[in-house]
Amino acid sequence: MKRRLAIFASGAGSNFEAIARACADGTLPAEAVLMVCDRPGAAVIERAERLGVPSFVFSPKSYESKAAYEQEIVSRLREAGVDFICLAGYMRILSDVLLDAYGGRIVNIHPSLLPAFRGAHAVEQAVAYGVKVYGITVHFVDASLDGGRILAQEAFPYEGNDPEEVHRIGQRIEHRLYVETLRRLFNQEIS
Ligand code: GAR
């Protein structure tokens with residue numbers, strides 16, 4: 001049976017696109033049924049339109065609390081019959097509203113070898129620290145910042161000091177590793 005995915009993003013949406021394409025071409029036994037974005041104007045919105053994936057775009061500050069906008073998200077997810085969530089550059093910590101509704105069925109991708117360098121500026125922090133081995137992590141999501149059980153990691157060596165270059169190398173790995181990990185998870189090769 002095909003999974004019904006919601007993909008959450010806040011920015012460019014390159015991981016969203018990798019997952020949506022893998023659904024469309026049959027690489028993943030899943031359908032991308034909704035893109036959720038917390039930043040009106042983000043580039044991911046245009047990508048979703050181009051790929052024919054419906055979007056729910058909202059502005060957090062027009063709700064009175066995180067619980068209120070997450071309630072709205074949960075209703076949209078239910079309406080769309082979503083049964084699994086992929087966070088793909090969604091730069092917010094989830095509250096109990098989403099975790100209670102979809103706990104254990106939410107995964108995230110992060111541009112570091114967790115638990116090192118959590119948060120929104122992982123690559124910049126790793127470069128500033130002078131690390132020589134970088135990496136990408138795919139993990140289940142819990143209530144902590146970039147926390148939750150690890151599903152997959154891939155490391156790469158880099159000796160320079162250009163965060164943009166690390167992002168470029170890392171993103172190529174992300175697009176492949178995210179799809180590969182979801183495929184293994186959905187096919188019950190990992191759990
Ligand atoms: C990705 O590199 C992802 O790992 C990172 O945001 C980027 C989104 O790029 N996520 C985090 O830092 C989570 N803490 P994209 O919009 O092109 O997919």
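Quick look at the values:
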read-out: Lone qualifier among 57, 107, 97 - being out of contact with any Cys (no Cβ under 8 Å at 6 or more places or on another chain), within 19 Å of residue 5 (Cα to Cα) and aliphatic (A, V, I, L, M); value: 97
read-out: Counted residues, segment 94-118 - those being more than 22 Å from residue 154 (Cβ to Cβ) and in contact with an Asp or Glu (Cβ under 9 Å, 6 or more places away or on another chain); value: 10
read-out: Condition check for residue 107: in contact (Cβ under 8 Å) with a residue 24 or more places away in the chain and within 13 Å of residue 140 (Cα to Cα); value: yes
read-out: The listed residue being among the small types (Gly, Ala, Ser) and more than 28 Å from residue 72 (Cα to Cα), out of 122, 101, 143, 88; value: 122
read-out: Any hit, segment 12-24, residues being among the polar types (S, T, N, Q), closer than 24 Å to residue 148 by Cα, crowded, with 17+ Cβ neighbours inside 10 Å and touching a residue at least 60 places away in the same chain (Cβ under 8 Å); value: yes
read-out: Checking residue 181 against (1) surrounded by 18 or more Cβ atoms within 10 Å (Cβ to Cβ); (2) touching a residue at least 24 places away in the same chain (Cβ under 8 Å); (3) in a loop (DSSP other than H, G, I, E, B), the condition it does not meet; value: (3)
read-out: All positions within segment 1-15 that are more than 6 Å from the ligand (Cβ to nearest atom) and either of a type outside the set (Val, Ile, Thr) or farther than 17 Å from residue 50 by Cβ (or both); value: 1, 2, 3, 4, 5, 6, 8, 10
read-out: Residue in segment 59-67 that is under 14 Å from the mean Cα position of the chain (by Cα) and either within 27 Å of residue 187 (Cβ to Cβ) or surrounded by 16 or more Cβ atoms within 10 Å (Cβ to Cβ) (or both) present; value: no
read-out: Answer from 126, 32, 48 - the residue that is over 17 Å from the mean Cα position of the chain (by Cα) and surrounded by 17 or more Cβ atoms within 10 Å (Cβ to Cβ); value: 126
read-out: Hey, residue 152 more than 16 Å from residue 15 (Cβ to Cβ), surrounded by fewer than 20 Cβ atoms within 10 Å (Cβ to Cβ) and of a type in the set (Gly, Ala, Ser) or not; value: no
read-out: Breaking point among (1) more than 20 Å from residue 53 (Cα to Cα); (2) modelled with pLDDT of 95 or more; (3) among the small types (Gly, Ala, Ser), for residue 103; value: (2)
read-out: Residues (in contact with a strand residue (DSSP E or B) (Cβ under 9 Å, 6 or more places away or on another chain) and either near the ligand (Cβ under 9 Å from one of its atoms) or not hydrophobic (A, V, I, L, M, F, W, C) (or both)) located in segment 22-40; value: 29, 31, 38, 39, 40
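The values are calculated or read from the model by the stated rules, or taken from the named source; none is laboratory data. Quantities reported herein were computed from a predicted structural model and do not represent experimental measurements. Reconstructed Cβ throughout: ideal geometry from the backbone, glycine too, with neighbour counts over all protein chains shown.
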